[in-house]
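Structure first, then comments.
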Amino acid sequence: MIAADTSVIIDFFQGRETTCTRQIRYALDRGMLVLPPASVTELFSNHEARKDVEELVAAVEILSITSDYWQRAGLLRAKIRKSGHKATLGDALIAQSCIDHSVPLLTTDTDFRHYAKAGGLKLA
């Protein structure tokens, strides 16, 4: 399994041909793509891609929210912020979902490297 960050999915919807979008196609074709719940929310926030989002969400697994998820996500975000790095709420929620399920995250967002270092996020 592999999870995808919102920005990579948007690139995929826009038909961009990148290493990440090729990995998304590969994972989709093999039933290996999963989405963190926060990515689903971010994707539905983009009114231009609504139909694409609906079809994608129907085709893939959404990672479940585990016990004490919210607390762990908050503590992880606090740890990143304390170290002086940018830590948006959406990124913290995405990272924690992937950490909880031991699923690597496919992303081009360099902010996630802080979650890898501080929280054990696996990057694809």
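Please treat every number below as a calculation from the coordinates, not as lab data. Just so it is clear, the structure is predicted and the values come from calculations on it, not from any experiment. Reconstructed Cβ throughout: ideal geometry from the backbone, glycine too, with neighbour counts over all protein chains shown.
This ranking places 91, 11 by how few other beta-carbon atoms lie within 10 Å of each, fewest first, which gives 11, 91. For residue 71 and residue 32, the FRET efficiency from 1/(1 + (r/R0)^6), where r spans their Cβ atoms and R0 equals 22 Å, is about 0.15. So how much slack lies between residue 79 and residue 122, counting 0.36 nm per residue of separation and subtracting their Cα-Cα distance, in nm? Extending this stretch completely gives an extra 13.8 nm.
Partner aspartates and glutamates whose Cα lies under 20 Å from the Cα of residue 86, excluding those fewer than 8 positions away in the same chain, are identified as 5, 42, 109, 111. By the rule of a C-alpha distance below 12 Å, with chain neighbours fewer than 8 residues away ignored, the aspartates and glutamates paired with residue 122 are 100.
Every pair of different Cα atoms in the chain enters the Kirkwood calculation, which places the hydrodynamic radius at 14.5 Å. Each residue of the range 54-65 was assigned a 3J(HN,Hα) from its phi angle through the Karplus curve 6.51 cos²θ - 1.76 cosθ + 1.60 (θ = phi - 60°); the sequence is 4, 5, 5, 4, 5, 9, 10, 7, 9, 4, 7, 8 Hz, with glycine and proline shown as x.
Dipole orientation for the chain: of the candidates 56, 44, 95, 95 has the Cα lying most toward the positive pole (charges on Cβ; Lys, Arg +1; Asp, Glu -1). Using a/c under 1.5 as the rounded threshold, could you call the range 71-124 rounded, prolate or oblate? The axes a ≥ b ≥ c are square roots of the C-alpha gyration tensor eigenvalues, and prolate needs a/b larger than b/c, oblate otherwise. In terms of gyration-tensor shape, oblate. Taking the average, over residues, of other Cβ atoms within 10 Å as the packing measure, peptides 53-59, 96-102 rank 96-102, 53-59 from highest down.
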